[in-house]
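Student: Take this structure first; my questions come after.
The values are calculated or read from the model by the stated rules, or taken from the named source; none is laboratory data. Quick caveat, the model's predicted, so the values are computed rather than measured. A quick note on method: Cβ atoms are made from the backbone with ideal geometry, for glycine too, and the neighbour counts reach across all protein chains shown.
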Amino acid sequence: MTEILVLENVVKKFGKVIALNVDRLGIEEGTYNVILGPSGAGKSTMLRVVAGLDYPDSGKIILEGNDITNKPPWERDIGFVFQNYALYPHLTIYDNIAMPLRVKGLKEEEIKQKVTEVLKIMGLEEHINKYPRQLSGGQQQRVALARAIIKRPKLLLLDEPLSNLDAKVRIELRSYLKSLQRQLKITALHVTHDQSEAMAIADNLIILHDGAVEQIGSPKDVYENPKTMFVATFIGMLNVLPSSILKLNDGFDALGFRPENVDILENKEEGTIEGDVKYVEFQGDETIIYVDVENNSIRIKDRENRFFETGKKIYLKIKKAFAFKDGKVLKVIELA
(Lines give C-alpha, C1' and ligand atoms only; values in the text may rest on other atoms or scores of the structure.)
Protein backbone atom coordinates (compact mmCIF):
# COMPACT_ATOMS: atom_id res chain seq x y z
CA MET A 1 0.00 0.00 0.00
CA THR A 2 1.02 3.64 -0.52
CA GLU A 3 2.26 5.68 2.42
CA ILE A 4 0.22 8.87 2.58
CA LEU A 5 1.98 10.34 5.63
CA VAL A 6 5.63 10.04 6.67
CA LEU A 7 7.40 11.48 9.70
CA GLU A 8 11.19 11.52 9.33
CA ASN A 9 13.53 12.29 12.26
CA VAL A 10 10.86 14.44 13.90
CA VAL A 11 11.84 15.93 17.25
CA LYS A 12 9.66 18.24 19.33
CA LYS A 13 10.89 19.77 22.58
CA PHE A 14 9.18 21.82 25.26
CA GLY A 15 12.06 23.52 27.04
CA LYS A 16 14.54 20.76 27.83
CA VAL A 17 11.91 18.03 27.69
CA ILE A 18 11.83 15.93 24.51
CA ALA A 19 8.12 15.33 23.94
CA LEU A 20 8.50 13.58 20.58
CA ASN A 21 11.45 11.77 19.00
CA VAL A 22 10.39 9.74 15.95
CA ASP A 23 13.02 8.26 13.64
CA ARG A 24 10.51 7.25 10.98
CA LEU A 25 6.79 6.62 10.90
CA GLY A 26 4.83 5.80 7.77
CA ILE A 27 1.02 5.77 7.60
CA GLU A 28 -0.56 3.78 4.78
CA GLU A 29 -3.39 5.30 2.75
CA GLY A 30 -6.92 4.22 3.67
CA THR A 31 -6.00 2.75 7.06
CA TYR A 32 -7.24 3.46 10.59
CA ASN A 33 -4.25 4.07 12.85
CA VAL A 34 -4.45 4.47 16.61
CA ILE A 35 -1.71 6.11 18.68
CA LEU A 36 -1.63 4.52 22.10
CA GLY A 37 0.58 5.16 25.10
CA PRO A 38 0.62 6.31 28.73
CA SER A 39 0.18 9.94 29.79
CA GLY A 40 3.14 12.01 28.64
CA ALA A 41 4.14 9.56 25.92
CA GLY A 42 3.76 12.19 23.17
CA LYS A 43 0.43 11.11 21.65
CA SER A 44 -1.25 14.50 21.38
CA THR A 45 2.07 16.17 20.52
CA MET A 46 2.40 13.89 17.51
CA LEU A 47 -1.11 14.77 16.37
CA ARG A 48 -0.56 18.51 16.83
CA VAL A 49 2.73 18.42 14.90
CA VAL A 50 1.04 16.62 12.00
CA ALA A 51 -1.85 19.11 12.09
CA GLY A 52 0.48 22.14 12.14
CA LEU A 53 -0.76 23.33 15.53
CA ASP A 54 2.82 22.86 16.76
CA TYR A 55 5.97 22.82 14.65
CA PRO A 56 8.79 20.31 15.16
CA ASP A 57 12.24 21.48 16.20
CA SER A 58 13.74 19.24 13.53
CA GLY A 59 12.74 16.64 10.97
CA LYS A 60 10.21 16.47 8.15
CA ILE A 61 6.49 15.77 7.79
CA ILE A 62 5.55 14.51 4.32
CA LEU A 63 1.92 14.32 3.14
CA GLU A 64 1.32 12.68 -0.25
CA GLY A 65 4.95 13.30 -1.18
CA ASN A 66 4.86 17.00 -0.26
CA ASP A 67 6.84 18.52 2.60
CA ILE A 68 4.28 20.22 4.88
CA THR A 69 6.60 20.65 7.88
CA ASN A 70 6.35 24.44 7.95
CA LYS A 71 2.94 24.92 6.34
CA PRO A 72 0.15 26.47 8.45
CA PRO A 73 -2.79 24.21 9.40
CA TRP A 74 -5.17 25.63 6.78
CA GLU A 75 -2.81 24.66 3.95
CA ARG A 76 -2.43 21.01 4.98
CA ASP A 77 -5.76 19.53 3.81
CA ILE A 78 -6.19 17.79 7.14
CA GLY A 79 -9.37 17.36 9.22
CA PHE A 80 -9.12 17.57 13.02
CA VAL A 81 -11.64 16.35 15.60
CA PHE A 82 -10.88 17.73 19.05
CA GLN A 83 -11.56 16.06 22.39
CA ASN A 84 -14.04 18.78 23.40
CA TYR A 85 -15.66 18.87 19.89
CA ALA A 86 -14.92 22.65 19.52
CA LEU A 87 -18.34 23.39 18.00
CA TYR A 88 -19.54 26.97 17.59
CA PRO A 89 -22.31 27.30 20.20
CA HIS A 90 -23.99 30.26 18.47
CA LEU A 91 -24.30 28.47 15.11
CA THR A 92 -26.82 25.83 14.04
CA ILE A 93 -25.69 22.32 13.18
CA TYR A 94 -25.99 23.21 9.49
CA ASP A 95 -23.79 26.28 9.87
CA ASN A 96 -21.24 24.45 12.02
CA ILE A 97 -20.78 21.81 9.34
CA ALA A 98 -20.83 24.34 6.50
CA MET A 99 -18.11 26.54 8.03
CA PRO A 100 -15.04 24.85 6.39
CA LEU A 101 -16.69 25.12 2.96
CA ARG A 102 -17.53 28.80 3.45
CA VAL A 103 -13.92 29.43 4.43
CA LYS A 104 -12.87 27.79 1.14
CA GLY A 105 -15.23 30.16 -0.71
CA LEU A 106 -17.67 27.62 -2.17
CA LYS A 107 -21.02 28.80 -3.49
CA GLU A 108 -23.98 28.44 -1.14
CA GLU A 109 -25.79 26.04 -3.48
CA GLU A 110 -22.80 23.66 -3.50
CA ILE A 111 -22.42 24.02 0.27
CA LYS A 112 -26.06 23.05 0.81
CA GLN A 113 -25.65 19.95 -1.36
CA LYS A 114 -22.52 18.81 0.50
CA VAL A 115 -23.92 19.53 3.96
CA THR A 116 -27.14 17.65 3.16
CA GLU A 117 -25.10 14.69 1.94
CA VAL A 118 -22.91 14.51 5.05
CA LEU A 119 -25.92 14.97 7.37
CA LYS A 120 -27.46 11.85 5.82
CA ILE A 121 -24.23 9.88 6.25
CA MET A 122 -24.10 10.92 9.92
CA GLY A 123 -27.81 10.38 10.57
CA LEU A 124 -28.24 14.00 11.67
CA GLU A 125 -30.86 15.26 9.17
CA GLU A 126 -33.51 15.94 11.82
CA HIS A 127 -31.08 18.09 13.84
CA ILE A 128 -30.10 20.43 11.01
CA ASN A 129 -31.57 23.57 12.60
CA LYS A 130 -30.70 22.81 16.21
CA TYR A 131 -27.81 24.27 18.22
CA PRO A 132 -25.02 22.17 19.81
CA ARG A 133 -26.46 22.61 23.32
CA GLN A 134 -29.63 20.84 22.16
CA LEU A 135 -27.76 17.66 21.23
CA SER A 136 -26.40 14.77 23.26
CA GLY A 137 -22.65 14.21 23.59
CA GLY A 138 -22.71 11.47 20.97
CA GLN A 139 -24.63 13.67 18.53
CA GLN A 140 -22.25 16.58 19.10
CA GLN A 141 -19.33 14.28 18.36
CA ARG A 142 -20.93 13.26 15.06
CA VAL A 143 -21.37 16.95 14.17
CA ALA A 144 -17.67 17.49 14.89
CA LEU A 145 -16.86 14.52 12.65
CA ALA A 146 -19.13 15.84 9.91
CA ARG A 147 -17.41 19.21 9.99
CA ALA A 148 -13.99 17.52 9.80
CA ILE A 149 -14.80 15.26 6.84
CA ILE A 150 -17.04 17.55 4.74
CA LYS A 151 -14.09 18.90 2.79
CA ARG A 152 -12.86 15.30 2.28
CA PRO A 153 -9.41 15.86 3.80
CA LYS A 154 -6.45 13.69 2.85
CA LEU A 155 -5.99 12.83 6.51
CA LEU A 156 -8.38 12.79 9.50
CA LEU A 157 -6.89 13.42 12.95
CA LEU A 158 -8.86 12.56 16.10
CA ASP A 159 -7.63 13.55 19.55
CA GLU A 160 -9.33 11.34 22.16
CA PRO A 161 -12.68 11.86 20.39
CA LEU A 162 -14.68 9.48 22.60
CA SER A 163 -13.24 10.24 26.05
CA ASN A 164 -16.05 12.60 27.12
CA LEU A 165 -18.82 10.07 26.37
CA ASP A 166 -20.36 7.49 28.67
CA ALA A 167 -19.38 3.83 28.21
CA LYS A 168 -22.39 2.72 26.14
CA VAL A 169 -22.23 5.65 23.70
CA ARG A 170 -18.45 5.25 23.45
CA ILE A 171 -18.80 1.63 22.30
CA GLU A 172 -21.54 2.55 19.78
CA LEU A 173 -19.59 5.47 18.37
CA ARG A 174 -16.29 3.63 18.00
CA SER A 175 -17.91 1.06 15.69
CA TYR A 176 -19.53 3.97 13.84
CA LEU A 177 -16.13 5.62 13.41
CA LYS A 178 -14.66 2.46 11.94
CA SER A 179 -17.52 1.91 9.50
CA LEU A 180 -17.45 5.59 8.46
CA GLN A 181 -13.72 5.41 7.77
CA ARG A 182 -14.25 2.30 5.64
CA GLN A 183 -17.19 3.86 3.77
CA LEU A 184 -15.35 7.08 2.93
CA LYS A 185 -11.92 5.45 2.50
CA ILE A 186 -10.39 8.02 4.84
CA THR A 187 -6.90 7.70 6.33
CA ALA A 188 -7.29 8.23 10.08
CA LEU A 189 -4.85 8.94 12.89
CA HIS A 190 -6.61 8.58 16.24
CA VAL A 191 -5.18 9.26 19.72
CA THR A 192 -6.56 7.45 22.75
CA HIS A 193 -5.52 6.16 26.15
CA ASP A 194 -8.28 3.51 26.07
CA GLN A 195 -6.83 0.11 25.14
CA SER A 196 -10.15 -1.56 24.38
CA GLU A 197 -11.07 1.33 22.07
CA ALA A 198 -7.71 1.07 20.30
CA MET A 199 -7.89 -2.71 19.89
CA ALA A 200 -11.47 -2.52 18.57
CA ILE A 201 -11.00 0.02 15.77
CA ALA A 202 -7.34 0.04 14.73
CA ASP A 203 -5.89 -1.45 11.59
CA ASN A 204 -2.53 -0.49 13.09
CA LEU A 205 -1.48 0.37 16.61
CA ILE A 206 1.33 2.89 17.10
CA ILE A 207 2.71 2.40 20.62
CA LEU A 208 4.47 5.48 21.97
CA HIS A 209 6.79 5.48 24.97
CA ASP A 210 8.72 8.53 26.14
CA GLY A 211 8.09 10.26 22.80
CA ALA A 212 9.45 7.40 20.67
CA VAL A 213 7.66 4.74 18.64
CA GLU A 214 8.06 1.49 20.59
CA GLN A 215 6.18 -0.77 18.15
CA ILE A 216 3.82 -0.62 15.17
CA GLY A 217 1.53 -3.44 14.07
CA SER A 218 -1.98 -4.83 13.97
CA PRO A 219 -3.69 -5.16 17.37
CA LYS A 220 -3.38 -8.96 17.14
CA ASP A 221 0.32 -8.83 16.28
CA VAL A 222 1.19 -6.30 18.99
CA TYR A 223 -0.76 -8.30 21.59
CA GLU A 224 0.63 -11.70 20.64
CA ASN A 225 4.15 -10.66 19.57
CA PRO A 226 5.30 -7.67 21.63
CA LYS A 227 8.90 -6.59 21.03
CA THR A 228 9.58 -5.15 24.48
CA MET A 229 8.52 -5.64 28.09
CA PHE A 230 6.91 -2.19 28.01
CA VAL A 231 4.62 -3.14 25.11
CA ALA A 232 3.84 -6.55 26.61
CA THR A 233 2.83 -5.05 29.96
CA PHE A 234 1.08 -2.01 28.49
CA ILE A 235 -1.18 -3.88 26.05
CA GLY A 236 -3.60 -6.11 27.93
CA MET A 237 -2.95 -7.97 31.17
CA LEU A 238 0.42 -9.62 31.68
CA ASN A 239 1.86 -11.65 34.55
CA VAL A 240 5.62 -11.44 35.08
CA LEU A 241 7.54 -14.03 37.09
CA PRO A 242 11.26 -14.64 37.60
CA SER A 243 12.42 -17.43 35.30
CA SER A 244 13.67 -19.36 38.38
CA ILE A 245 10.08 -20.01 39.49
CA LEU A 246 9.40 -21.89 36.27
CA LYS A 247 12.65 -23.85 36.70
CA LEU A 248 14.05 -22.36 33.51
CA ASN A 249 17.64 -21.16 33.35
CA ASP A 250 18.24 -19.94 29.82
CA GLY A 251 19.66 -16.51 30.57
CA PHE A 252 16.25 -14.80 30.79
CA ASP A 253 15.53 -12.14 33.39
CA ALA A 254 11.84 -13.01 33.61
CA LEU A 255 8.94 -14.65 31.85
CA GLY A 256 5.64 -12.96 31.05
CA PHE A 257 2.38 -14.67 30.23
CA ARG A 258 -1.20 -13.61 29.51
CA PRO A 259 -3.92 -14.56 32.02
CA GLU A 260 -5.69 -16.65 29.37
CA ASN A 261 -2.56 -18.71 28.57
CA VAL A 262 -2.78 -20.77 31.76
CA ASP A 263 -4.52 -24.04 32.65
CA ILE A 264 -5.74 -24.34 36.25
CA LEU A 265 -5.31 -27.77 37.85
CA GLU A 266 -6.28 -28.93 41.31
CA ASN A 267 -3.57 -31.58 41.43
CA LYS A 268 0.16 -31.20 40.94
CA GLU A 269 1.60 -32.35 37.62
CA GLU A 270 5.01 -32.15 36.01
CA GLY A 271 5.68 -28.63 34.71
CA THR A 272 3.12 -26.91 36.95
CA ILE A 273 3.75 -24.12 39.44
CA GLU A 274 2.03 -23.91 42.79
CA GLY A 275 -0.02 -20.98 43.98
CA ASP A 276 -2.54 -19.88 46.59
CA VAL A 277 -5.84 -18.24 45.65
CA LYS A 278 -6.09 -14.69 47.05
CA TYR A 279 -9.56 -13.80 45.76
CA VAL A 280 -11.87 -14.25 42.79
CA GLU A 281 -13.67 -11.67 40.60
CA PHE A 282 -16.78 -12.80 38.70
CA GLN A 283 -16.91 -10.97 35.34
CA GLY A 284 -19.94 -12.63 33.74
CA ASP A 285 -18.42 -14.52 30.83
CA GLU A 286 -15.25 -15.30 32.79
CA THR A 287 -13.72 -15.23 36.25
CA ILE A 288 -10.47 -13.47 37.17
CA ILE A 289 -8.57 -15.44 39.79
CA TYR A 290 -5.85 -13.62 41.73
CA VAL A 291 -3.12 -16.01 42.80
CA ASP A 292 -0.01 -15.69 44.97
CA VAL A 293 3.03 -17.52 43.58
CA GLU A 294 6.02 -17.26 45.92
CA ASN A 295 5.00 -13.69 46.91
CA ASN A 296 4.30 -12.72 43.27
CA SER A 297 0.72 -11.67 42.53
CA ILE A 298 -0.66 -12.93 39.20
CA ARG A 299 -4.07 -13.01 37.49
CA ILE A 300 -5.66 -15.94 35.69
CA LYS A 301 -8.71 -15.89 33.41
CA ASP A 302 -11.04 -18.84 33.85
CA ARG A 303 -13.71 -19.28 31.16
CA GLU A 304 -15.30 -22.11 33.19
CA ASN A 305 -16.24 -19.62 35.95
CA ARG A 306 -15.04 -21.92 38.70
CA PHE A 307 -15.05 -20.60 42.26
CA PHE A 308 -12.08 -21.20 44.53
CA GLU A 309 -12.01 -20.40 48.23
CA THR A 310 -9.41 -17.90 49.44
CA GLY A 311 -6.24 -19.75 50.41
CA LYS A 312 -6.94 -22.81 48.26
CA LYS A 313 -3.82 -24.28 46.70
CA ILE A 314 -3.99 -24.65 42.92
CA TYR A 315 -1.49 -25.63 40.23
CA LEU A 316 -0.88 -23.63 37.09
CA LYS A 317 0.33 -24.90 33.74
CA ILE A 318 1.57 -22.01 31.61
CA LYS A 319 1.05 -22.67 27.90
CA LYS A 320 2.83 -19.69 26.31
CA ALA A 321 5.25 -17.11 27.69
CA PHE A 322 7.49 -14.24 26.61
CA ALA A 323 11.15 -14.48 27.62
CA PHE A 324 12.50 -11.07 28.72
CA LYS A 325 16.10 -9.92 28.81
CA ASP A 326 17.12 -6.29 29.43
CA GLY A 327 13.58 -5.10 28.71
CA LYS A 328 13.35 -6.87 25.33
CA VAL A 329 11.39 -9.95 24.29
CA LEU A 330 14.02 -12.50 23.25
CA LYS A 331 11.55 -15.11 22.12
CA VAL A 332 8.15 -16.66 22.68
CA ILE A 333 8.20 -19.98 24.53
CA GLU A 334 5.53 -22.62 24.05
CA LEU A 335 5.41 -24.51 27.35
CA ALA A 336 2.40 -26.77 26.77
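Student: Please state which one of 275, 271, 251, 236 is touching a residue at least 40 places away in the same chain (Cβ under 8 Å) and crowded, with 19+ Cβ neighbours inside 10 Å.
Tutor: On the way: 271 fails: crowded, with 19+ Cβ neighbours inside 10 Å; 251 fails: crowded, with 19+ Cβ neighbours inside 10 Å; 236 fails: crowded, with 19+ Cβ neighbours inside 10 Å.
So the residue among 275, 271, 251, 236 that is touching a residue at least 40 places away in the same chain (Cβ under 8 Å) and crowded, with 19+ Cβ neighbours inside 10 Å is 275.
Student: Assess whether residue 42 counts as being out of contact with any helix residue (DSSP H, G or I) (no Cβ under 7 Å at 6 or more places or on another chain), under 15 Å from residue 211 (Cβ atoms), among the small types (Gly, Ala, Ser) and touching a residue at least 60 places away in the same chain (Cβ under 8 Å).
Tutor: Taking the combined requirement at face value, the residue satisfies it.
Student: I'd like the full set of residues that are touching a residue at least 24 places away in the same chain (Cβ under 8 Å) and either within 15 Å of residue 47 (Cβ to Cβ) or over 15 Å from the mean Cα position of the chain (by Cα) (or both), limited to the stretch 163-181.
Tutor: The answer is 163, 164, 165, 166, 169, 172, 176, 180, 181.
Student: Can I ask one more? Can you tell me which residue is modelled with the lowest pLDDT among those in the stretch 247-268 that are more than 30 Å from the chain's Cα centre (by Cα) and under 23 Å from residue 303 (Cβ atoms)?
Tutor: 266
Student: Being more than 16 Å from residue 135 (Cβ to Cβ), at pLDDT 95 or above, surrounded by 12 or more Cβ atoms within 10 Å (Cβ to Cβ) and out of contact with any Cys (no Cβ under 8 Å at 6 or more places or on another chain) narrows it down to one residue among 101, 63, 106; which is it?
Tutor: Values: 101 fails: at pLDDT 95 or above; 106 fails: at pLDDT 95 or above.
One residue alone meets the criteria, 63.
Student: Test of understanding: among 25, 20, which residue is crowded, with 18+ Cβ neighbours inside 10 Å, part of a strand (DSSP E or B), under 17 Å from the mean Cα position of the chain (by Cα) and not β-branched (Val, Ile, Thr)? Can you show your working first?
Tutor: Values: 20 fails: under 17 Å from the mean Cα position of the chain (by Cα).
Exactly one residue qualifies, and that residue is 25.
Student: Out of all the residues in the stretch 74-86, is one or more surrounded by fewer than 19 Cβ atoms within 10 Å (Cβ to Cβ) and assigned to a helix (DSSP H, G or I)?
Tutor: Step one: of the stretch 74-86, the residues surrounded by fewer than 19 Cβ atoms within 10 Å (Cβ to Cβ) are 74-75, 77, 82-84, 86.
With assigned to a helix (DSSP H, G or I) added as a condition, the list becomes 74-75.
So far as the stretch 74-86 goes, yes, one or more of its residues are surrounded by fewer than 19 Cβ atoms within 10 Å (Cβ to Cβ) and assigned to a helix (DSSP H, G or I).
Student: Condition check: touching a Ser or Thr at 6+ places or on another chain (Cβ under 7 Å) and crowded, with 17+ Cβ neighbours inside 10 Å. Does residue 231 satisfy that?
Tutor: Details: touching a Ser or Thr at 6+ places or on another chain (Cβ under 7 Å): no; crowded, with 17+ Cβ neighbours inside 10 Å: yes.
Here the answer is no, as residue 231 does not meet what is asked.
Student: Which one of the conditions (1) crowded, with 19+ Cβ neighbours inside 10 Å; (2) in the same structural domain as residue 51 (by TED's automatic domain parsing); (3) farther than 30 Å from residue 12 by Cβ does residue 166 fail to meet, given that it meets all the rest?
Tutor: Only one criterion is unmet by residue 166, namely (1).
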